[in-house]
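Report on the following structure.
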Amino acid sequence: MTPRRSNHEGSIYQRTSDGLWMGVAHLGYDPFGKPNRRYVSAKKRMEVVKKLKELRRQIDQGLLLKDEGVKVAELFERWFNDVMRHQIAPSTLSNYQTVARMHILPRLGKKKLIDLTVSDVDRLLSTKTDSGLSASTVRRIRAVLAQCLDQAIRWELLTRNVATLSRAPKSVRTEGRTLSPEQARHLLENLKGHRNEALYALMLSTGLRRGEALGLMWKDLDRVNGVLRVTRQLKREGSRLVTADTKTAKSRRAVNLAEPMLTALLEHESRQRDASVRLGASWMETGYIFTSSVGTPFDPRNLYREFQGICRRAGLGDWHPHELRHSAASLMLAQGIQIQVVSQVLGHSSIRMTADVYGHLMDPDRKQAADALGSILWAPTTL
């Protein structure tokens, strides 16, 4: 039967099978390309008009979800393909996909978004914690789910994010290992003559991250003032080495070098120049400060293996390159350098982050402050 319509009412028609009046609201298309319609029905046409009007009001005010049949697995697939693939680095995307595939989708993938509850998320996180996963891993699972559900809200598939309403497991921060001053000097002594002596000395004396150190180029070095400009990082993505922005905006920074460190870098430059002349056409000029033996970028994985060998031969045991960064921070604080300066040197996003990680190293300062106040408040009175 030909639909009967009134202005601004949507589609209204009478069904031939049972005589019911039907109203149809057209919502366009859902994020998955399917036509999206909602229906109302009544025995009388005027009742359908009223119902359809109320339906339109809910749509206009954003009170109606565009598609109530979307499942969690479908949402993740679309989120990865249409959004995150263009927003984050391939290595980070791969990490997100692994988190979803291994931890979220096996339990929640077949569930409809509209049926997902805070209790479902709490149960998932509890199960993962009970399985032995660390608090940081469980928090990451929650964070990935929360980001995906945020996208569902933007696509008008949900009105609230049940993951952010769940309780995140308590994070217990462990104190990172640091080299003592004696160990640090012993390491530098054992590095003398090594091809990458300047690289590890730089990481120890400035707290540069591994990728930041390997991303440095000779054009970043101000030889007159002894300053390095940190503007990029070198990292591995799959089978390729790529340069990328620094970890945060505040990671882009100028780093002042101690005089011995500047001298070590200039000596390193001289040896690199000699190697390029000796190798001739076999040398690949890339402009990086720290390279492989033929001038190509230095693979972060090779740095890790090389550094472990250096530490073992020096009798220090197993150490990770990132612990040079921790050591730099602890040595600066031990020398009385203010925490805001340490934060700037490390390129932390905030002083709070520096305090959270290295606050335990400031215990002597707090003791000194307490003693200073004590000497004032409990000093002999002259009144």
Considering only region 87-133, state which residues are charged (D, E, K, R) and in contact (Cβ under 8 Å) with a residue 24 or more places away in the chain. 110, 111, 112, 120, 122, 128
Report yes if some residue within region 206-217 is among the hydrophobic types (A, V, I, L, M, F, W, C), out of contact with any His (no Cβ under 8 Å at 6 or more places or on another chain) and in a loop (DSSP other than H, G, I, E, B); otherwise report no. yes
Can you pull out every residue in region 280-330 that is surrounded by 13 or more Cβ atoms within 10 Å (Cβ to Cβ), farther than 16 Å from residue 242 by Cβ and acidic (Asp, Glu)? 306, 323
Cross-chain or 6+ apart pairs with Cβ under 6 Å, region 144-168 first and within 16 Å of residue 125 (Cα to Cα), then assigned to a helix (DSSP H, G or I) and of a type in the set (S, T, N, Q): 146/164
In region 102-113, what residues are surrounded by fewer than 13 Cβ atoms within 10 Å (Cβ to Cβ) and either in a helix (DSSP H, G or I) or within 19 Å of the chain's Cα centre (by Cα) (or both)? 102, 106
Given the conditions (1) surrounded by 20 or more Cβ atoms within 10 Å (Cβ to Cβ); (2) farther than 30 Å from residue 25 by Cα, every one holds for residue 152 apart from (2)
Among the listed residues 139, 210, 160, identify the single one that is buried (at least 21 other Cβ atoms within 10 Å of the Cβ) and charged (D, E, K, R). 210
In region 127-153, how many residues are part of a helix (DSSP H, G or I) and more than 17 Å from residue 106 (Cβ to Cβ)? 11
Looking at region 1-32 only, could you name the residues that are over 30 Å from residue 153 (Cβ atoms), modelled with pLDDT of 85 or more and surrounded by 12 or more Cβ atoms within 10 Å (Cβ to Cβ)? 12, 13, 14, 20, 21, 22
Quick one: which helices (runs of 4 or more DSSP H) lie wholly within region 299-383 and hold at least 3 residues that are in contact with a His (Cβ under 9 Å, 6 or more places away or on another chain) and either among the polar types (S, T, N, Q) or modelled with pLDDT of 90 or more (or both)? 300-313
Report every pair of residues separated by at least 6 positions or lying on different chains whose Cβ atoms are under 6 Å apart, first residue within region 294-319 and outside the structural domain of residue 185 (by TED's automatic domain parsing), second surrounded by 12 or more Cβ atoms within 10 Å (Cβ to Cβ) and assigned to a helix (DSSP H, G or I). none
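The values are calculated or read from the model by the stated rules, or taken from the named source; none is laboratory data. Remember, it's a predicted structure, so these values are computed and weren't measured experimentally. As a convention, Cβ positions derive from the backbone with ideal geometry for all residues, glycine included, and neighbour counts pool all protein chains shown.
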